[in-house]
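What follows is a set of notes on a single structure, which appears directly below.
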Number of protein chains: 4
Amino acid sequence: MNDTMVTVVGNVATGVEFRESAAGGVARFRFAVPARRWDRRGGGWVDGPTSFYTVWARRALGANLAASVAVGEPLVVRGRLRVREEEKDGRRWTSAEIDAVAAGHDLTRGTAAFRRLTWKAPVLTEGHGGTTQGQPEARAATVIAGSGTLGEALGTPRDTAPTAAP
Amino acid sequence: MNDTMVTVVGNVATGVEFRESAAGGVARFRFAVPARRWDRRGGGWVDGPTSFYTVWARRALGANLAASVAVGEPLVVRGRLRVREEEKDGRRWTSAEIDAVAAGHDLTRGTAAFRRLTWKAPVLTEGHGGTTQGQPEARAATVIAGSGTLGEALGTPRDTAPTAAP
Amino acid sequence: MNDTMVTVVGNVATGVEFRESAAGGVARFRFAVPARRWDRRGGGWVDGPTSFYTVWARRALGANLAASVAVGEPLVVRGRLRVREEEKDGRRWTSAEIDAVAAGHDLTRGTAAFRRLTWKAPVLTEGHGGTTQGQPEARAATVIAGSGTLGEALGTPRDTAPTAAP
Amino acid sequence: MNDTMVTVVGNVATGVEFRESAAGGVARFRFAVPARRWDRRGGGWVDGPTSFYTVWARRALGANLAASVAVGEPLVVRGRLRVREEEKDGRRWTSAEIDAVAAGHDLTRGTAAFRRLTWKAPVLTEGHGGTTQGQPEARAATVIAGSGTLGEALGTPRDTAPTAAP
């Protein structure tokens, strides 16, 4: 309710680190947002200092970012902002972090080929094969006609907790 | 200063129409944003009615959207919101429009391969060859080391008026 | 999770209507957001068409808006945006609505005296007196309720007070 | 164009410091944004760590904030976000700053009495009296200044007043 939602447009500054765990995968990278503003007097764009954020992405978004994004690529990232202060080695650190809920390559800077995936959560109990479990799996992109039933037709649950296959 | 910036996450509902003109290219498509919210009582996601927006994208963003996006694909779109009311055939219409400043495939739903492009504006005077003028042109993705000079290194002007090659 | 959050800055266009019901109070008003943008060529602000929204506010926010806001006053409104289309008398209407989560007078345009209130929900079972139940009730302004490390957090060196020039 | 706009809802954590200068007045204060989120499992609100921002406000907004806001009061603040890193005494500090474009008391928490002001910039050349120059000045509330079609726009059928239940 009181989340501070923010959308940042910038460039990936460090490689996407992806880590699997029992609670699901998490990706993390640093993100650089240059400040560029129109100068009314000079009549041109002026640069300000770049803002850096640490971006976290969980589950499918984390896995897909790790599979799709390289250092230097431009992204649009939407998520919850928080400013963390912590003590480390007797020094206090502040960091601005974004818990991403959606993200994609910024098409202002180039083109992209998209491939829709379904995503299954890892089965944590021992199984037989399961080699593809927890992996993205290709699915034909669903092409939708255009109106009324769109929401319904596309209706793959967003942000539902991924459930293990039976 | 008083722009209403908004970020919408949803699906492309109609094909991207792209039109070139003397003032530069413009892309346009309809965008569907399903309402999904967590129901505190029921403890599950509930659907509300889908919101539809008309998205406009100019210059490089318009051209790249037209080249990259198909109906049904999920996008993150950031831009200026306006609600237009107009009279047509004696009836009044309201539409919610977004003038996009950045957009990309939502990697919550799949993976994407990105290709950085530079973009030159069409030369409107007659010339000799000019076969690539007004066309996107591939450039090697710039991989950046990671810190200090990032803003500078990436410094391709955003939102600068594309200038014709001499 | 997939809410489209938006913040609009503009003026109250109709009186705030407030209605009590078993489910709690609801306020509703129309809100006008003028489009003003810096014109790079002309070097001045230019007006575009005004966007209109229907704003809904529930419970304490609704009651306080009804008690505080008059037509023409400037507000900042934050909330969930949705674009509704409905059929009425054989015609289709679109409206842009905002379900407000926070709102206040825009201090860019004037000053405001604030009075903190606590708010009790109506007791729906029968009682004896209860005449003030469901009413706002004045309370002394709480100085940052429940924020233990606050004082500490404020003392960082970067927060030196701006000093007056000699 | 590439500004990162953000809206934060929280409480004023330090007194508003206001400083006049030749370039116009500037106000500055620290702002505390508590993280409160709905816990799906527990079915209640849970607190996370508070995020702190340094808010800057210029000209009329700065002067009015200084005149209207006390420590502990709840605000909605909209502005440009930047994350600054700087070196001081051999240590590196990060701070999250917001350059406010609009702000007001959050009416979720109380009521407010608003007084519209006009604001004149200081005359920097020498003058005679000029005692009110650079000072806010009360003006009768303007009912939607300069919005010709306003009345018309309000009369659309979808805007029927919510009626009381019989």
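The values are calculated or read from the model by the stated rules, or taken from the named source; none is laboratory data. None of the values given here were measured: they were computed from a predicted structure. In this analysis, Cβ positions are derived from the backbone assuming ideal geometry, glycine residues included, and neighbour counts consider all displayed protein chains. Just so you know, the surface numbers come from the protein's heavy atoms only, side chains and all, with ligands and any DNA or RNA stripped out. Shrake-Rupley method; radii C 1.70, N 1.55, O 1.52, S 1.80 Å.
Determine how large the accessible area of residue A:53 is when every protein chain is in place; take a 1.4 Å probe and give Å² rounded to the nearest 10.
0
Name the residues whose placed amide hydrogens come within less than 5 Å of the amide hydrogen of residue B:37, ignoring near sequence neighbours (fewer than 5 apart) on the same chain.
Long-range HN contacts for residue B:37: B:46, B:48.
Considering only the other residues whose Cβ falls under 14 Å of the Cβ of residue B:88, what net charge follows from Lys and Arg at +1 and Asp and Glu at -1?
Charge balance in the 14 Å sphere: +1.
Report, as an integer, the average count of C-beta atoms from other chains found within 10 Å of each Cβ along C:43-51.
Mean inter-chain Cβ contacts per residue within 10 Å come to 4.
Tally Lys and Arg at +1 and Asp and Glu at -1 over the other residues with C-beta under 10 Å from the C-beta of residue D:57: what net charge comes out?
+2
What spacing in nm lies between the two simple spin-label points modelled at residue C:23 and residue D:22, each 7 Å away from Cα in the Cβ direction?
6.0
If you put +1 on each Lys and Arg Cβ and -1 on each Asp and Glu Cβ, how big is the dipole of the stretch B:5-110 around its Cα centre, in Debye rounded to 20?
Value, rounded to 20: 280 debye.
To the nearest hundred square angstrom, how large is the accessible surface buried between B and A, total for both chains, probe 1.4 angstrom? Numbers along the way, then the final one.
Numbers: alone 12040 and 12060 Å², together 19210 Å².
Buried area (both sides, nearest 100 Å²): 4900 Å².
Just to confirm a number: summing +1 for Lys and Arg and -1 for Asp and Glu over residues other than residue B:100 whose beta-carbon lies under 9 angstrom from that of residue B:100, what do you get?
Details: positive: B:58, B:78, B:80; negative: B:99.
Net charge around residue B:100: +2.
Go ahead and collect, in residue order, the members of the stretch A:12-44 whose backbone nitrogen is under 15 Å from a label point 7 Å along the Cα-Cβ direction of residue A:97.
Within reach of a label on residue A:97, which here means backbone N under 15 Å from a point 7 Å along Cα→Cβ, the stretch A:12-44 contributes A:17, A:19, A:26-31.
Looking only at other chains, what is the average number of their beta-carbon atoms within 10 angstrom of each beta-carbon in D:82-95?
Other-chain Cβ atoms within 10 Å of each residue's Cβ, averaged: 5.
Determine, from the Cβ-Cβ distance of residue B:47 and residue D:89 and an R0 of 56 Å, the FRET efficiency 1/(1 + (r/R0)^6), rounded to the nearest 0.05.
Efficiency computed from Cβ-Cβ geometry: 0.50.
Could you order the peptides B:105-111, D:12-18, A:42-48, D:2-8 from most to least packed, using the average number of other C-beta atoms within 10 Å per residue?
Ranking, from highest mean packing down: B:105-111, D:2-8, D:12-18, A:42-48.
Which shape class applies to the stretch A:5-111: rounded if a/c is under 1.5, otherwise prolate when a/b exceeds b/c and oblate if not, where a ≥ b ≥ c are the square roots of the Cα gyration tensor eigenvalues? Display every interim value, and only then the final one.
Details: a/c = 2.39, a/b = 1.32, b/c = 1.80.
The shape class here is oblate.
With a 1.4 Å probe and all protein chains in place, put D:58, D:115 in order of accessible area, largest first. It would help to have the intermediate numbers written out before the result.
Details: D:58 90, D:115 140 Å².
Ranking D:58, D:115 by accessible area, largest first, yields D:115, D:58.
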